[in-house]
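The values are calculated or read from the model by the stated rules, or taken from the named source; none is laboratory data. Being a predicted model, the structure only gives us computed values, none of them experimental. Positions of Cβ are generated from backbone atoms using ideal geometry, with glycine treated the same way; all protein chains shown enter the neighbour counts. To get the accessible areas, we keep the full protein, side chains included, count just its heavy atoms, and leave off ligands, DNA and RNA. Shrake-Rupley method; radii C 1.70, N 1.55, O 1.52, S 1.80 Å.
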Amino acid sequence: MERQDRQAGSTDPLIVAVIDTDTLVIGAGPVGLFQAFQLGLLGLNTHVIDALPEAGGQCVALYPDKPIYDVPGVPVCTGRELAQLLLTQARPFLPRDATTGRIGNLHLNDQVASITQLADGEFDVGTRQGQGFRCRAVFVAAGAGAFVPRTLNVAALEGMGNVHHHLPEPLDRASSPWAGQHLVVAGGGEEALSTVAALMNAPQDARPATVTLLHRRDQFQAEPALEAKVRAWIAQGAVQLALGVPSGADLHSDGQAVSALQILGADGAVRALPLDHLLVRLGLSPKLGPLVDWGLQLDRKQVRVSADSFQSSVTGIYAVGDINTYPGKKRLLLCGFHEATLAAHHALAQLKPDQPQHLQYTTTSALLHQRLGVA
Ligand SMILES: Cc1cc2nc3c(=O)[nH]c(=O)nc-3n(C[C@H](O)[C@H](O)[C@H](O)COP(=O)(O)OP(=O)(O)OC[C@H]3O[C@@H](n4cnc5c(N)ncnc54)[C@H](O)[C@@H]3O)c2cc1C
């Protein structure tokens with residue numbers, strides 16, 4: 001059973017609400033999701049946080065449609081399919097609200113900023129959005145760091161309500177603020193071109209009235225078939241192409257939204273590109289960010305762990321998946337899943353020393369069936 005939320009108790013004055021939980025997983029990549037599953041199987045409740053708007057880590061952010069061939073028992077699946085399978089597997093412990101569809105203990109679009117160990121050994125964890133957690137063990141499944149979108153180098157765009165960086169999934173009317181309006185997509189790589197394709201193929205009521213692809217030069221970096229498709233739309237006039245480098249922005253009178261981008265062309269002239277919405281699709285870059293300040297022993301930006309427990313240099317903080325290092329480490333999904341399993345068992349022994357620790361099989365254990373909801 002989860003302990004109750006409480007309103008006080010964080011050491012950080014900016015934190016207003018604190019969720020009390022046995023364990024906290026930082027990162028909802030494949031390893032973080034499997035970590036939540038393993039913790040649930042062992043009867044430890046958990047919350048998971050990710051900086052991205054969607055779970056799946058690299059699999060969804062970097063290669064959603066590419067095939068993976070080396071996950072045991074799954075001959076082939078795409079990155080996005082693997083993330084969905086892991087979410088489905090973890091559902092007993094990351095349950096979805098039947099009405100809203102939200103997973104209550106999966107916190108997306110938020111980044112862990114601080115971890116403080118208290119005198120009693122528990123941890124106070126704070127996020128950028130002011131959410132606090134009090135927990136007894138932390139599992140850092142942070143990959144190469146928090147994935148944050150690359151931005152256009154124009155200060156005036158910061159915090160503007162009509163500047164977006166993520167393509168919603170699914171792309172429907174409710175998730176498309178640009179439906180029926182003028183949308184500029186910035187970028188010339190795979191991500192920008194596949195965004196244009198997704199917008200053109202979206203349901204009619206979710207499509208923008210016009211799509212303009214903005215790139216610094218008339219050269220794209222994308223798979224030939226995708227580029228050919230986008231070039232054909234440009235040739236037909238279904239997609240506009242604007243070339244140049246954004247050098248500034250005009251704002252609406254309320255100062256909350258952008259009305260036009262100032263574009264510096266190859267001829268040295270600056271022209272205004274009016275828009276209703278701007279979708280910046282320049283890719284994601286991982287930022288190790290605040291992790292370096294958490295007091296963990298690092299080895300070339302990886303968290304050093306012991307290879308039998310996957311515990312870091314701080315008792316109670318574990319590191320699993322791509323973020324950790326130990327002799328023989330391989331950055332593979334399979335290795336991350338193994339690490340998450342052993343880390344969960346080690347944490348259980350530390351947190352509930354009086355509880356019997358014998359290994360139980362999901363095939364035959366009535367207790368595990370009960371936890372999985374299949375009893
Ligand atoms: C193109 C490509 C192909 C690959 N193919 C294969 C393959 O075929 N087989 C294989 O085994 N492996 C493959 N890999 C490697 C595999 O994807 C990684 O090993 C795996 O994604 C690691 O999972 P992870 O959960 O540790 O980290 P990630 O997938 O990187 O997820 C980490 C998550 O943590 C979040 N995060 C980090 N810091 C914070 C913070 N402070 N607050 C909130 N959230 C945070 C990030 O936003 C991210 O979503 C491939 C990798 C790439 C790039």
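Reachable lysines from K229, Cα under 21 Å, same-chain residues fewer than 8 places away excluded?
The reachable lysines, counting only those whose Cα sits under 21 Å from K229, are K66.
What size of dipole, in debye to the nearest 20, comes out for the range 151-282 about its Cα centre when the only charges are +1 on Lys and Arg C-beta atoms and -1 on Asp and Glu C-beta atoms? Spell out each step's value before the answer.
Values: 8 positive and 13 negative charges, 52 e Å.
That gives the range 151-282 a dipole magnitude of about 240 debye.
Ranked highest first by the average count of other Cβ atoms within 10 Å around their residues, in what order do 115-122, 28-35, 336-343 fall? Could you put the intermediate results ahead of the total?
Numbers: 115-122: 12.9, 28-35: 30.2, 336-343: 22.1.
Peptide ranking by packing, descending: 28-35, 336-343, 115-122.
Which one of G43, A242, H107 is farthest out on the positive end of the charge dipole of the chain, using unit charges on Cβ (Lys, Arg +1; Asp, Glu -1) and the Cα centre as origin?
Comparing the listed Cα positions along the dipole, A242 ranks first.
Calculated from DSSP H runs of 4 or more alone, at -39500 (n - 2.57) each and per residue, what is the 222 nm mean residue ellipticity of the chain, nearest 500? Provide the component values of the computation, followed by the final result.
Numbers: 7 runs with 78 residues, N = 375.
One gets -6500 deg cm²/dmol as the mean residue ellipticity at 222 nm.
Among all stretches of the chain without exposed trypsin sites (Lys or Arg not before Pro) (DSSP loop, at most 11 other Cβ atoms within 10 Å), which one is longest?
103-216
Taking the 0 to 90 degree range and rounding to the nearest ten, how far is the long axis of helix 30-41 tilted relative to the main principal axis of the chain, both from C-alpha atoms?
Here the helix axis deviates by roughly 30 degrees.
Taking every DSSP beta bridge with both residues inside the chain, roughly what % is antiparallel (nearest 5)?
Values: 32 of 68 bridges.
Beta bridges within the chain, antiparallel portion: roughly 45 percent.
Using just the C-alpha positions of the range 56-214 as equal point scatterers, what log10 of I(q)/I(0) does the Debye formula give at each q in 0.12 1/Å?
Debye intensities relative to I(0), on a log10 scale: -0.76.
Once you have the Kirkwood Rh of the range 191-246 from its Cα pairs, apply Stokes-Einstein at 37 °C and 0.692 mPa s and quote D in µm²/s. Mind dumping the intermediate values first?
Values: Rh = 11.7 Å.
So the translational diffusion coefficient is about 281 µm²/s.
Leaving out ligands and nucleic acids, and using a 1.4 Å probe, what accessible area per residue does the chain come to in Å²? Before the final figure, lay out each step's value.
Values: 18240 Å² over 375 residues.
Heavy-atom SASA per residue in the chain reads 49 Å².
As I understand it, the value is the acute angle between the Cα axis of helix 224-236 and the longest principal axis of the Cα atoms of the chain; what does it come to in degrees, rounded to 10?
Between the helix axis and the principal axis of the chain, the angle is about 40 degrees.
Using 20 Å bins from zero, what percent of all Cα-Cα pairs in the chain falls into each bin?
Whole-percent P(r) values from 0 Å outward: 26, 51, 22, 1.
Show me, bin by bin at 5 Å from 0, the whole-percent P(r) of the range 151-282 based on Cα pairs.
So the P(r) values, bin by bin, are 2, 11, 21, 25, 21, 14, 5, 1, 0.
Roughly how many percent of the accessible protein surface of the chain is carbon and sulfur, given a 1.4 Å probe and a whole-percent answer? Each step should come with its number before you reach the end.
On the way: 9650 of 18240 Å².
Exposed carbon and sulfur together represent 53 percent of the surface.
Relative to the Cα centre, what is the charge dipole magnitude of the chain, using +1 at the beta carbon of each Lys and Arg, -1 at the beta carbon of each Asp and Glu, and rounding to the nearest 20 debye? Each step should come with its number before you reach the end.
Working: 28 positive and 34 negative charges, 101 e Å.
So the magnitude is around 480 debye.
Please report the antiparallel percentage of the DSSP beta bridges confined to the range 151-282, to the nearest 5. If you can, show how the numbers build up before the last one.
Numbers: 11 of 28 bridges.
The answer is about 40 percent antiparallel.
Mind checking the angle between helix 190-200 and the chain's longest principal axis? C-alpha axes, 0 to 90 degrees, to the nearest 10.
70 degrees
Have a look at V185, V154, P170 and report the one farthest towards the positive end of the charge dipole of the range 151-282, computed about the Cα centre with Cβ charges (Lys/Arg +1, Asp/Glu -1).
V185
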